[in-house]
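Enquirer: Supplied in structure tokens, the structure appears directly below.
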Amino acid sequence: MSQWRGRLEDNDELERAVDLVQQYYHLALGALLLGFMLWNRVRAWDNFIVDGEVLFSGNDAWYHYRSTAYTVRNWPQTMPFDPWTYFPIGNASGQFGTLFDQLMATAALIIGLGSPSDNTIRLVVLFAPAIVAVLAGVPTYLIGRRLGGRLGGVVALSVLALSSGSILQRGMVGFSDHHIAEALFQALGVPT
């Protein structure tokens, strides 16, 4: 009789474990997928550090670095005019993703405890696209969950995490352009 009771207790524990897995599997898979997204996007970060100096991929990243550095020094104002845009005349820079630069400048100020070094600003600009890409995974999961339940959310996040092409390229470390922030804000704009 005691053997039978022991088997029933083991069965109850197994059922509780299965219930816990069914109740929380989406959180564990979501965390793993977000971790994979971050790892995949930042694993080549040391390629952008040359002789202790942070370099960027492409011209736009250098623009965003200049704009972010200006915003750090004049927070919360963003750079109103850039002499290097439409060189040699210069151009008003209000149309070039200043919200993205404002967010990076705010992050640099927080990380630098109110007075970030130039290297801290460069590192924030270097890693910002990867962080924003991972943040885009949260509303993607919520949209998928709204349309297909928890499994739908995990599938949507899986598609984003495993996607190649523009979404991966724009979210890689060093490609500091506002395009990945557009994807995040568009996903945030969808009611969940």
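The values are calculated or read from the model by the stated rules, or taken from the named source; none is laboratory data. Treat the numbers as computed from the prediction; the structure is a model and nothing was measured. Backbone-built Cβ (ideal geometry, glycine too); neighbour counts: all protein chains shown. All accessible areas refer to the heavy atoms of the entire protein, side chains included, with ligands and DNA or RNA removed. Shrake-Rupley method; radii C 1.70, N 1.55, O 1.52, S 1.80 Å.
Enquirer: Starting from the range 154-165, take each residue that is surrounded by fewer than 17 Cβ atoms within 10 Å (Cβ to Cβ) and list its partners that are in a loop (DSSP other than H, G, I, E, B), counting only C-beta distances under 6 angstrom and pairs at least six apart or across chains.
Expert: If the second residue must be in a loop (DSSP other than H, G, I, E, B), no pairs are left.
Enquirer: Another one. Does the range 66-86 include one or more residues that are at pLDDT below 85, within 24 Å of L168 (Cα to Cα), not hydrophobic (A, V, I, L, M, F, W, C) and not in a helix (DSSP H, G or I)?
Expert: Scanning the range 66-86 turns up no residue that is at pLDDT below 85, within 24 Å of L168 (Cα to Cα), not hydrophobic (A, V, I, L, M, F, W, C) and not in a helix (DSSP H, G or I).
Enquirer: What are the pairs with Cβ atoms under 7 angstrom where one residue, in the range 172-189, is in contact (Cβ under 8 Å) with a residue 60 or more places away in the chain and closer than 19 Å to R145 by Cβ and the other, located anywhere, is open to solvent by 50 Å² or more (accessible area, probe 1.4 Å) and assigned to a loop (DSSP other than H, G, I, E, B)? Sequence gap at least six, or different chains.
Expert: Within 7 Å, no pair qualifies.
Enquirer: Collect the residues in the range 87-129 that are part of a helix (DSSP H, G or I) and open to solvent by 80 Å² or more (accessible area, probe 1.4 Å), keeping them in residue-number order. Quick ask: steps written out before the conclusion?
Expert: Taking the range 87-129 first, the residues part of a helix (DSSP H, G or I) are 98-111, 118-129.
Selection gives L99, L103, I110, I111.
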